[in-house]
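Encoded as structure tokens, the structure appears first; notes follow it.
The values are calculated or read from the model by the stated rules, or taken from the named source; none is laboratory data. Note that the coordinates shown come from a computational prediction; the quantities given were computed from them, not determined experimentally. Positions of Cβ are generated from backbone atoms using ideal geometry, with glycine treated the same way; all protein chains shown enter the neighbour counts. Quick note on the areas: whole protein, heavy atoms, side chains included, nothing else; ligands and nucleic acids left out. Shrake-Rupley method; radii C 1.70, N 1.55, O 1.52, S 1.80 Å.
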Amino acid sequence: MLKYDSIAELVNEAEKRGLKLSELVLKTQAAMTEKTEEEMFATMERSLQVMKESVQDGLDKDKRSASGLTGGDAYKLNEALKAGKNIAGHFFGNAMMKAVAVAQTNACMGRIVASPTAGSCGILPSALLTLQEEKNISDKDLVMALFTASAVGIVIATNASVAGAAGGCQAECGAASAMAAAAMVELCGGTPKQCEHACAIALKNILGLVCAGLVEIPCIKRNAGGVGNALVAAELALAGVESHIPADEVIVAMKKIGDTMSSTLKETAEGGLAVTPTGKKLCEKVFG
């Protein structure tokens, strides 16, 4: 039975069998869980639907988080996008808006898909849903791309971490960016090997990113940055740019960096932005 110990193993197996990564993952996951491929697909299809709903929920201009610190930003981005005022083009502007919308839904205790975590939940859906709109991609293909993303997430979780408390934000937004980059590459006709390169590039771009403590500041805005990172990695890989460091080695490096990182920089609110003068004031305002 194929294990999810390395990206290279998945890529090699997919190439050997002439399958996309998503097709390989669907088959192996169905076998491992003793479910049919149709059942596995249906479960992932429901996740896609939740992702779509979380974007719409996050566009509510009046909804605010319990802390009162966040809310309404996705609406602002959407208004700027509709007015043609954004400077990054429609595709990137659309992706940023969706990333912030989903992250705000999470902050407001709405229903999201942790992909791979709640703090980084906006990156994968914003990348795929924006690509769907821009390239007229079917829901079926999007669901399959989620299987590719899930495989990348499983390998990262197995060999490093996807928890900010363990590895810093590089483990959360980094993993989400890598998952999104690989999925986008497959959706755009890239090879399994190009998916691997996209994964490696996305992770390398975000190595060492620390946490701030509160999953609102700066996490929501980091989701916008994370989808940008995923887009960069996917574009590079699809153009034929390769990562000289294999994805699996980047994942191991990420773990070592996380292990070395001070505990104050890993979701403890004892370092980084959390201990700036304004960060302390916000903490006092929210928690008393």
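Brief remarks on what is shown
- Note on the chain: dipole from Cβ charges, positive end direction compared against 107, 42, 22; the farthest Cα belongs to 107.
- In summary, the lysines within cross-link reach of residue 98, defined as a Cα separation below 18 angstrom excluding same-chain residues under 8 places away, comprise 52, 61, 63, 76, 82, 85, 135, 221.
- Among 271, 121, 230 - extreme Cα towards positive end, dipole of the chain, charges at beta-carbon: 271
- Between helix 37-58 and the chain: long-axis angle, C-alpha atoms, 0 to 90°, nearest 10: 20 degrees
- Tensor-based shape of region 221-288 (alpha-carbon gyration tensor, a/c under 1.5 rounded, otherwise prolate or oblate): oblate
- Angle between the chain longest axis and helix 192-204 axis [Cα atoms, degrees, rounded to 10]: 30 degrees
- Prolate/oblate/rounded label for region 101-244 (Cα gyration tensor, a/c 1.5): oblate
- Given +1 at the Cβ of Lys and Arg, -1 at the Cβ of Asp and Glu and no other charges, the dipole of the chain around its Cα centre is 800 debye to the nearest 20.
- Which label in [x] 19.1, 56; [y] 26.3, 85; [z] 18.3, 59 gives the computed Rg and Dmax of the Cα atoms in Å: [z]
- CD proxy at 222 nm, helix term only [per DSSP H run n ≥ 4: -39500 (n - 2.57); per residue of the chain; nearest 500]: -21500 deg cm²/dmol
- Annotation: peptides 173-180, 51-58, 39-46, 85-92, ranked by per-residue average of other Cβ atoms within 10 Å with the highest first, follow the order 173-180, 51-58, 39-46, 85-92.
- Compared with the dominant Cα axis of the chain, that is its longest principal axis, helix 169-187 is turned about 40°.
- Accessible area of region 191-288 divided out per residue, in Å², using a probe of 1.4 angstrom: 50 Å²
- Tensor-based shape of region 165-213 (alpha-carbon gyration tensor, a/c under 1.5 rounded, otherwise prolate or oblate): prolate
- For residue 280, the solvent-accessible surface computed with a 1.4 Å probe is close to 120 Å², ligands and nucleic acids excluded.
- Label point at residue 270 placed 7 Å out along Cα→Cβ; residues across region 168-198 whose backbone nitrogen lies under 19 Å: 168-170
- For region 78-168, the fraction of alpha-carbon pairs in successive 10 Å shells from zero, as %: 16, 39, 35, 10, 1
- Using a probe of 1.4 angstrom and keeping all protein chains present, the accessible surface of region 16-143 works out to 49 square angstrom per residue.
- Region 1-77 and region 227-281: distance between their alpha carbon centers, rounded to Å: 21 Å
- Here the simple spin-label model places points 7 Å from the Cα toward Cβ, and for residue 245 and residue 136 these points are separated by 4.1 nm.
- Per atom type, the chain shows carbon and sulfur on 55% of its accessible surface, probed at 1.4 Å.
- In this structure, residue 252 and residue 165 have a Cβ-Cβ separation that, at R0 = 25 Å, corresponds to a calculated FRET efficiency of about 0.80.
- Modelled spin-label separation between residue 36 and residue 67, with each label point placed 7 Å from Cα along the Cα-to-Cβ direction: 4.6 nm.
- In this simple spin-label approximation, residue 235 and residue 278 carry label points 7 Å from Cα along the Cα→Cβ vector, and these lie 2.8 nm apart.
- Among 100-106, 190-196, the order from most to least packed when residues are scored by Cβ within 10 Å on average: 100-106, 190-196
- Residue 141 exposes around 70 Å² of accessible area when a 1.4 Å probe is run over every protein chain in place.
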